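Engineer: Mind having a look at this structure? Questions to follow.
Please treat every number below as a calculation from the coordinates, not as lab data. Bear in mind that the values here come from a model prediction, so they are computed numbers and not experimental data. All Cβ positions, glycine included, derive from the backbone under ideal geometry; neighbour counts span all protein chains shown.
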Amino acid sequence: MYYLVSSGRRVISQIAVANYFKCFSTLYSLSSLDSSQFGGSFGEENVGLRENSDLAILLARISPGSSEDEVFQSLLSDPACDAMQLNHSLVGRLLHCFKDDWKLALGAFRWAESRPGYKPLPAFYDKLVDILGKTKKMDKMCALVEEMRENHIVTLSTIGKVMRRFAGAGDWKGAVRIFDELGDYGFEKNTESMNLLLDTLCKENRVQQAREIFLELKSHIPPNANTFNIFIHGWCKANSVDEAHWTIQEMRGHGFRPCVISYSTIIQSYCNQSDFNKVYELLDEMQAQGCQPNVVTFTTIMCSLAKFEKFEEALQISDRMKMVGCKPDTVFYNALIHTLGRAHQLKEAEYVFKVGMQINGVKPNTSSYNSMIAMFCHHRQEQTALEYLREMEISPYCKPDVQSYSPLLKLCFRDGKTDNLLPKLLDSMVNKHHLSLDLATYSLLIHGLCRSNKCEWAYKILEEMIAKEITPRYKTYSLLLEEIKQKNMFDAANRIEELMKKMKSS
């Protein structure tokens, strides 16, 4: 890593900044790899090392901001890429690296697809459908689905992704149109596909439209218990708990018994309203109906009590859970650790993580470690948080994600460690774990650097963000513009003002 020294402070160079924020830069060195993660035999170890080396080569050949055709041609014309033997693991990891950049993902996929002797998994097409839909490239998404239809690899999972992306883009009628065209893809309009549409609409706050469609379809497509659970969730999401209760009655009228999902969804709604008297009433009703609450029910209640700072009551949920013979899982333990952390019971949280989970045979996941890291960062215990990060890096069960680093990045800004710890963390994120930064992380960095009087660095990050087609928030533009004007960075100020005008006009 290269640094420029100015006025007694180390300022990161432009080259280093660019490297920080490229998922496409060199992966961690082969010498740092733990061979055990690739299996015990020498042959398996070599396969893992070769795959990481191949991935590093591919990422190094792809420049941020390239078009899909430029990516395709760059990989196609490169002798090192041409010599590779592609496998599903390598292609899957490549797509994961570009999950936030549709151009790079599409270009890399087209190259992989063109390789002699390699045929991508249908799941990779689905992944690309999702990437295109998430970035609202609907025409390209539909073109890819049409190509999949011609090759007979469209599944109901594909259909579900397309419906969700249309609804998520505000075009709920587009989702309905896909349902109407199911026959073109070789699928029937039946209970399963109807539920897929209803679920999509309800999750996108279109429960009223979903209800109207259901009333039209139910005469020739019979509902099942899941149909009503979808509506219970939809009404609760729309804060219409009374409608959810009526749906339970309707469910019984069709001969279906409300299950733990039905009740737990309404409990979640009462939890959101902080109406815990209703929560406990519904718990009693469940048990009276012979429907035992499950670990999800108890986890929901504990999280909600902690959210409203009812820590003592939240910790008692664990005892109530034991009384009904419900076993904890990883998610419950993560919630318990979080609750203990917020209640300032750090030793108890560590005991749960190191002893309680092990006794019950529950393996920690990334969220478990993230909870521990966030807890110690909140209490400004930087070294302990970093120890948990290092432990996660060598864990056989999970690896760090972007959220693992977020509390550590915040701690850097809070404690003024932008010259030493911050560059190391960013290097670990991008070069060691090749994580793609998201909108929240970019915003955190830009805001933190502005407040740390490092607006030059913040501006470079903004440019990287825009190159990846991640649109900054208006507040981010405003904050950076104010700082840049104070440094007399006129060209940068003009560019930001133009971007802000475009955002307002759109």
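Engineer: For region 167-316, calculate the relative contact order in percent as a whole number, restricting contacts to Cα pairs under 8 Å that are 6 or more residues apart.
Structural biologist: Values: 144 pairs, mean separation 22.6, N = 150.
Across region 167-316, relative contact order equals 15 percent.
Engineer: Could you check the spin-label model distance between Glu285 and Gln358? Points 7 Å from the Cα along Cα→Cβ, value in nm.
Structural biologist: 4.4
Engineer: Evaluate the charge dipole of the chain about its Cα centre and quote only its size in Debye, nearest 20, assuming +1 on the Cβ of each Lys and Arg and -1 on the Cβ of each Asp and Glu.
Structural biologist: About 1000 debye.
Engineer: Explain nothing, just compute: Karplus ³J(HN,Hα) = 6.51 cos²θ - 1.76 cosθ + 1.60, θ = phi - 60°, for every residue of region 103-115 in order, whole Hz, x for Gly and Pro.
Structural biologist: Going residue by residue, I get 5, 5, 5, 5, x, 5, 5, 4, 5, 4, 5, 7, 6 Hz, with x marking Gly and Pro.
Engineer: While we're looking at this one, here's another question. Quick one: length gained pulling Arg110 to Glu70 fully straight, 0.36 nm per residue minus the C-alpha distance? Please report the intermediate quantities before stating the final value.
Structural biologist: Values: separation 40, 0.36 × 40 = 14.40 nm, distance 1.12 nm.
That pair, Arg110 and Glu70, stretches by 13.3 nm at full extension.
Engineer: Counting alpha carbon pairs within less than 8 Å and at least 6 residues apart, what relative contact order, in whole percent, applies to region 43-120?
Structural biologist: On the way: 63 pairs, mean separation 25.5, N = 78.
Relative contact order of region 43-120: 33 percent.
Engineer: Mind putting together the pair-distance distribution for the chain? All Cα pairs, 10 Å bins, whole percent per bin, short to long.
Structural biologist: For the chain, the pair-distance distribution reads 3, 15, 21, 26, 23, 10, 1, 0.
Engineer: Can you work out the base-10 log of I(q)/I(0) for region 290-358 at q = 0.18, 0.20, 0.26 1/Å, using the Debye formula on its C-alpha atoms alone?
Structural biologist: -0.61, -0.75, -1.21
Engineer: Go through Lys136/Lys460; Lys237/Lys475; Lys99/Lys475; Lys307/Lys468; Lys363/Lys475; Lys278/Lys363 and tell me which ones have a Cα-Cα distance over 30 Å in this structure.
Structural biologist: On the way: Lys136/Lys460 26 Å; Lys237/Lys475 28 Å; Lys99/Lys475 25 Å; Lys307/Lys468 35 Å; Lys363/Lys475 40 Å; Lys278/Lys363 33 Å.
Over 30 Å Cα-Cα: Lys307/Lys468; Lys363/Lys475; Lys278/Lys363.
Engineer: While we're here: Region 178-235: which chymotrypsin sites (Phe, Trp or Tyr not before Pro) are DSSP loop and have at most 11 other beta-carbon atoms within 10 angstrom?
Structural biologist: On the way: sites: Phe179, Tyr185, Phe187, Phe214, Phe228, Phe231, Trp235; in loops: Phe187.
Here no loop site has a sparse enough neighbourhood.
Engineer: Considering every pair of different Cα atoms, what Kirkwood radius, in Å, is found for region 121-222? Intermediate values should be presented prior to the final figure.
Structural biologist: Details: mean 1/r = 0.0733 Å⁻¹.
13.6 Å is the Kirkwood radius here.
Engineer: Exceeding 20 Å between C-alpha atoms, which entries from my cross-link table qualify? They are Lys127/Lys161; Lys417/Lys487; Lys424/Lys454. Could the numbers behind the result be given before it?
Structural biologist: Numbers: Lys127/Lys161 9 Å; Lys417/Lys487 22 Å; Lys424/Lys454 17 Å.
Table pairs above 20 Å Cα-Cα are Lys417/Lys487.
Engineer: Just want to confirm a number: the relative contact order over the chain, from Cα pairs under 8 angstrom separated by 6+ residues, in percent. Please report the intermediate quantities before stating the final value.
Structural biologist: On the way: 584 pairs, mean separation 58.9, N = 506.
Result for the chain is 12 percent.
Engineer: Cα to Cα, under 16 Å, and not fewer than 8 places away if on the same chain: which aspartates and glutamates meet these conditions relative to Lys354?
Structural biologist: Leaving aside aspartates and glutamates fewer than 8 places away in the same chain, those within reach of Lys354 are Asp329, Glu387, Glu391.
Engineer: For the pair Lys136 and Glu498, what calculated FRET efficiency results from E = 1/(1 + (r/R0)^6), where r is the Cβ-Cβ distance and R0 = 25 Å, to the nearest 0.05? Working shown, then result.
Structural biologist: Numbers: r = 22 Å, r/R0 = 0.88.
It comes out at approximately 0.70.
Engineer: Right, next: Put +1 on the Cβ of every Lys and Arg and -1 on every Asp and Glu Cβ in the chain; which of His245, Leu315, Ser114 then has its Cα farthest towards the positive end of the dipole?
Structural biologist: Result: Leu315, furthest along the dipole toward the positive end.
Engineer: Quickly estimate the mean residue ellipticity at 222 nm for the chain, helices only: each DSSP H run with n ≥ 4 gives -39500 (n - 2.57), and the total goes over all residues, rounded to 500. Could you put the intermediate results ahead of the total?
Structural biologist: Values: 28 runs with 331 residues, N = 506.
About -20000 deg cm²/dmol.
Engineer: According to a simple spin-label model (label point 7 Å from Cα along Cα-to-Cβ), what is the distance in nm between Arg320 and Ala169?
Structural biologist: 4.4
Engineer: Next question, about the same structure. What spacing in nm lies between the two simple spin-label points modelled at Ala123 and Ala143, each 7 Å away from Cα in the Cβ direction?
Structural biologist: 2.8
Engineer: Return the sequence-ordered ³J(HN,Hα) values of region 236-241 in whole Hz as given by the Karplus equation 6.51 cos²θ - 1.76 cosθ + 1.60 applied to θ = phi - 60°, using x for Gly and Pro.
Structural biologist: 5, 4, 8, 6, 10, 5
Engineer: Can you run phi through the Karplus equation (6.51, -1.76, 1.60; θ = phi - 60°) for region 147-155 and list ³J(HN,Hα) in whole Hz, with x for Gly and Pro?
Structural biologist: Karplus values, whole Hz, x for Gly and Pro: 4, 5, 4, 5, 8, 6, 10, 6, 10.
Engineer: Continuing with this model, one more query. So if I place +1 on the C-beta of Lys and Arg and -1 on the C-beta of Asp and Glu, and nothing else carries charge, what would the dipole magnitude of region 224-362 be about its Cα centre? I want it in debye, nearest 20. If you can, show how the numbers build up before the last one.
Structural biologist: Values: 12 positive and 14 negative charges, 73 e Å.
Roughly 360 debye, rounded to the nearest 20.
Engineer: How large is the dipole of region 149-226 about the Cα centre if only Lys and Arg carry +1 and Asp and Glu carry -1, each at its Cβ, rounded to the nearest 20 debye?
Structural biologist: Approximately 260 debye in magnitude.
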